[in-house]
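The values are calculated or read from the model by the stated rules, or taken from the named source; none is laboratory data. A quick note: this is a predicted structure, and the numbers were derived from the prediction, not measured. In this analysis, Cβ positions are derived from the backbone assuming ideal geometry, glycine residues included, and neighbour counts consider all displayed protein chains. Protein only, heavy atoms only, side chains kept; ligands, DNA and RNA dropped before computing areas. Shrake-Rupley method; radii C 1.70, N 1.55, O 1.52, S 1.80 Å.
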Amino acid sequence: MDYEHKAKVVADCLLSYRRDESGWKVCRKSNDVVVSWRPSSEFPGNVYKGEGIVSGTPENVWECLKPDPNGLRVKWDSNVKKFELLEQIKEDISICRTVTPSAAMGIIAPRDFVDVILVKQYEDGSISSNATNVSHPSCPPHPGYVRGFNHACGCICIPISGEPSKTQVSSFFQTDLGGLLPRSVVDSFFPSSMTEFYSNLAKAVKSLKDI
């Protein structure tokens, strides 16, 4: 599998999502985030977009978000139980396994996901993680976990002109959770999960500043 090519296609895809404002429908708002959705063109589900301003420099926000097996994400993100590096393809491209806990009062069983992840920086100072599902010989499906599949997803930290201590964070999730879940469970899970994601991210960045 050409992991490098697949990763670059995902980065282009997320950039197009970021620029294309058409068709998004707001499904949830909080002080931290606005969550919107539209039908996915990649699988029979939805792509969800989160947009919020986080108090913290882009460097500190990225420190909390970056896809690093020894990083902070697993400590603050309630949807990430374990994050493992399977293979480093290049300095900015890796294959990783993410394990998620059970959710929705146990209706959603623990999942695992295997993704190629590309970290990309842009000329405007934005930095992004871009991921999509792949197969990897070292990681067949594990007993006790439903194998889920992420389609083009990721997070983008965007500097705000004139506001160096604030960061715009755009996130995109379009995940086939696998298994036989009712559509209603999936459709209610993602907006609430993303709202919690932004709230927990804001707390994590604040605790980083307080150290």
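Computed quantities for the displayed model
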{"quantity": "Lys, Arg +1 and Asp, Glu -1 on Cβ, resulting dipole of the stretch 65-155 about Cα centre, debye, nearest 20", "calculated": "380 debye"}
{"quantity": "Relative packing of peptides 77-85, 15-23 - highest average C-beta neighbours within 10 Å first", "calculated": "77-85, 15-23"}
{"quantity": "Only Lys, Arg (+1) and Asp, Glu (-1) charged, at Cβ; the chain dipole about Cα centre in debye", "calculated": "600 debye"}
{"quantity": "For the stretch 129-211: relative contact order, % (alpha-carbon pairs under 8 angstrom, 6 or more apart)", "calculated": "24 percent"}
{"quantity": "Spin-label model distance (nm) - Val26 vs Lys203, 7 Å beyond Cα toward Cβ", "calculated": "2.5 nm"}
{"quantity": "Taking the chain and dividing mean pair separation by its residue count, relative contact order in percent (alpha carbons under 8 Å, at least six apart)", "calculated": "25 percent"}
{"quantity": "Contour excess over end-to-end distance, with Cα ends at Ser41 and Tyr145 and 0.36 nm allotted per residue", "calculated": "34.8 nm"}
{"quantity": "The stretch 13-129: projected area of the alpha-carbon convex hull, averaged over directions, in nm²", "calculated": "8.9 nm²"}
{"quantity": "Percent of beta bridges antiparallel (DSSP, the stretch 84-149, rounded to nearest 5)", "calculated": "90 percent"}
{"quantity": "Reach of Lys90 by Cα under 12 Å, taken over aspartates and glutamates that are not fewer than 8 positions away in the same chain", "calculated": "Glu4"}
{"quantity": "Cβ-Cβ FRET estimate between Ser16 and Asp187, R0 fixed at 35 Å, reported to 0.05", "calculated": "0.90"}
{"quantity": "For the stretch 1-79, accessible area per residue (1.4 Å probe, heavy atoms of protein chains only), Å²", "calculated": "54 Å²"}
{"quantity": "Largest-first ordering by accessible area, 1.4 Å probe, given options Val54, Val186", "calculated": "Val186, Val54"}
